[in-house]
Structures are given as C-alpha cells and as structure tokens.
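Engineer: Pasting in a structure now, in structure tokens, and then I'll have a few things to ask.
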C-alpha cells in the first residue's frame, strides 16, 4: 500500500495491511514515501478504530522502531536492514531488542 487515502478506505475491509515506504528505502535507493504519506496524517489515520492490523515497511531499521510505534503501526516488516547489513545476524538482534523495548 503506497497511498494513504487508499489505506484509509481499506482499514475496515481487510485483516492486515502493509504500508510502504514509510521512510526512505534501505534496499531501493531513491525510493521514498510519497509526499501524501505525511506522518501527521498517517498517525491520525492509524489512531482511528479499525479492523486491520497495519504493518510498516520501507526504511525500517532498529533506530526507527520507536517512530513506527509512535505513528500507530501494529508491527514492522524489514528487508534491507537485514540483507544489506554488514552483519545480518547483529542487525536482526538489534531489531529484536528494539521491538522488545517498544512493545505495546
């Protein structure tokens, strides 16, 4: 899901939505959030009652876990933070630590 307006219309029609990119992509240089994927609007949309679990993707690494939680995401999905890390196992451990530290 790359469009905030479309996401809002689907929040009560699906069990789970994947929203991307939330931050500039790690694995796809130059791939950044659309200007309409404004974090203030996103946060306002995610606070509303909804059926869907909403997962953040795009530019997610351990340093952005807290921001994803603050925006109202239910979870995160990662790609580049692990597969492009010099030490993928360490990157995974850092992600898991950040997730535990910011669990709801």
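Every number here is computed from the coordinates shown, using simple stated rules; none is lab data. Computed from a predicted model, the values in this text were never measured in an experiment. As a convention, Cβ positions derive from the backbone with ideal geometry for all residues, glycine included, and neighbour counts pool all protein chains shown.
Engineer: Could you work out [θ]222 nm for the chain from helices alone, using -39500 (n - 2.57) per DSSP H run of at least four and dividing by all its residues? Round to the nearest 500 deg cm²/dmol. Could you put the intermediate results ahead of the total?
Structural biologist: Values: 5 runs with 41 residues, N = 104.
The per-residue figure over the chain is -10500 deg cm²/dmol.
Engineer: Going by how many other Cβ atoms sit within 10 Å of their own, how do 60, 55 line up, fewest first? List each step's numbers first, then the result.
Structural biologist: On the way: 60 27, 55 19.
With the fewest neighbours first, 60, 55 line up as 55, 60.
Engineer: I need the shape label for segment 4-101. Rule: rounded when a/c is under 1.5, else prolate if a/b > b/c, else oblate, with a, b, c from the alpha carbon gyration tensor. Mind dumping the intermediate values first?
Structural biologist: Numbers: a/c = 2.18, a/b = 1.60, b/c = 1.37.
In terms of gyration-tensor shape, prolate.
Engineer: Place a point 7 Å from Cα of residue 92 in the direction of its Cβ. Which residues in segment 47-84 have their backbone N less than 16 Å from it?
Structural biologist: 62, 77-84
Engineer: Taking the number of other C-beta atoms within 10 Å as the exposure measure, put 87, 3, 61 in order starting with the fewest. It would help to have the intermediate numbers written out before the result.
Structural biologist: On the way: 87 10, 3 13, 61 19.
Going from sparsest to densest Cβ surroundings: 87, 3, 61.
Engineer: Taking the Cα atoms only, what angle lies between the long axis of helix 88-101 and the longest principal axis of the chain, rounded to 10 degrees?
Structural biologist: It works out to around 50 degrees.
Engineer: Then there is this: Residue 53 versus residue 15, label points 7 Å from Cα toward the beta carbon: distance in nm?
Structural biologist: Result for the modelled spin labels: 0.9 nm.
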